[in-house]
Amino acid sequence: MLKKIIDDRIYSYFSIPDDVRKIVIYCHGFGESKDRINQHFEILNSNQIGIVSFDFPCHGEDKSDDFCFNLSNSLDYLNKVIESVKEYNVPISLMGSSFGGYIVLSYINRFKVKFDKVFLKYPAVNFYQCTVRKLGIDIDYFDDHEYYTFLNGRKYSRNAFVEFMNDDLMDSFDKCDNNIFIIHGDKDKTVLLSDVQEFSSKYDIKLDVIHGAEHGMKDYLDLVNKKLLDFIK
């Protein structure tokens, strides 16, 4: 596995076999990092599929200043990683977990791009509402606070909160003919299954519900990897 810094600021891992025939770009969840590549690279690489992961702003090794966590910068990071991967001249798929799944969907919706495949684990299709529920804050919080602190002192600003709030995928999403496959657990209390079911049904997206799985699906990794490989290959 090769560690790279893209555009002098995006910390990434590239795990690309010599006989690569396609590449998956993995987008991690809120509070996580590019290290999540460790869950998936072996099964993909052994099937001639490369995988690339990277740190979103204010996550992992990212050295952005505290106010850089927002939607625009997250989309910009993903875009620069996509451009970097194009040099391999093989089909590109996207994969995202939770917040990363939301960013993948937002990227497709905003830039109208078609990828080889799109595989999403418990995507936060309504990230703003998930934030309100998980963190226990809403826009009124910023009337009395300059920012919300998360991830060892990093700052979640009002502007970022408003940007996520205004990016409503539930009511306005164009999948641009992408082949999207979502897996979700029926015990997930972070991203509600009912919301993902509504989103999937509205936009004709295949949804596979894993019974007993909570957010993160830590006890279902073998099953997740099987579904990932079956879909991507």
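The residue that is farthest from V118 (Cα to Cα), counting only those in segment 182-198 that are assigned to a strand (DSSP E or B) and out of contact with any Leu (no Cβ under 7 Å at 6 or more places or on another chain), is G185.
Under 13 Å from Q39 (Cβ atoms) and surrounded by fewer than 18 Cβ atoms within 10 Å (Cβ to Cβ): does that describe L221? Yes; evaluated as a whole, the condition is true for this residue. Applying the set (1) touching a residue at least 12 places away in the same chain (Cβ under 8 Å); (2) outside any loop (DSSP other than H, G, I, E, B); (3) in contact with a helix residue (DSSP H, G or I) (Cβ under 9 Å, 6 or more places away or on another chain) to E42 leaves exactly one unmet item: (1).
Residue count for segment 183-218 under the criterion of being crowded, with 16+ Cβ neighbours inside 10 Å, of a type in the set (D, E) and free of Cβ contacts under 8 Å to residues at least 40 places away in the same chain: the result is 1. Within segment 131-161, the set of residues being at negative phi, surrounded by fewer than 21 Cβ atoms within 10 Å (Cβ to Cβ), in contact (Cβ under 8 Å) with a residue 60 or more places away in the chain and not aromatic (F, W, Y) comprises R154, K155, S157, N159. The residue of segment 79-104 that is nearest to the chain's Cα centre (by Cα), among those that are within 17 Å of V125 (Cβ to Cβ) and in a helix (DSSP H, G or I), is G100.
A short reminder: the numbers here are calculations on the coordinates, not readings from a lab. This structure is a prediction, so every number in the text was calculated from the model and none was measured. Every residue, glycine as well, gets a Cβ built from its backbone with ideal geometry; the counts of neighbours run over all protein chains shown.
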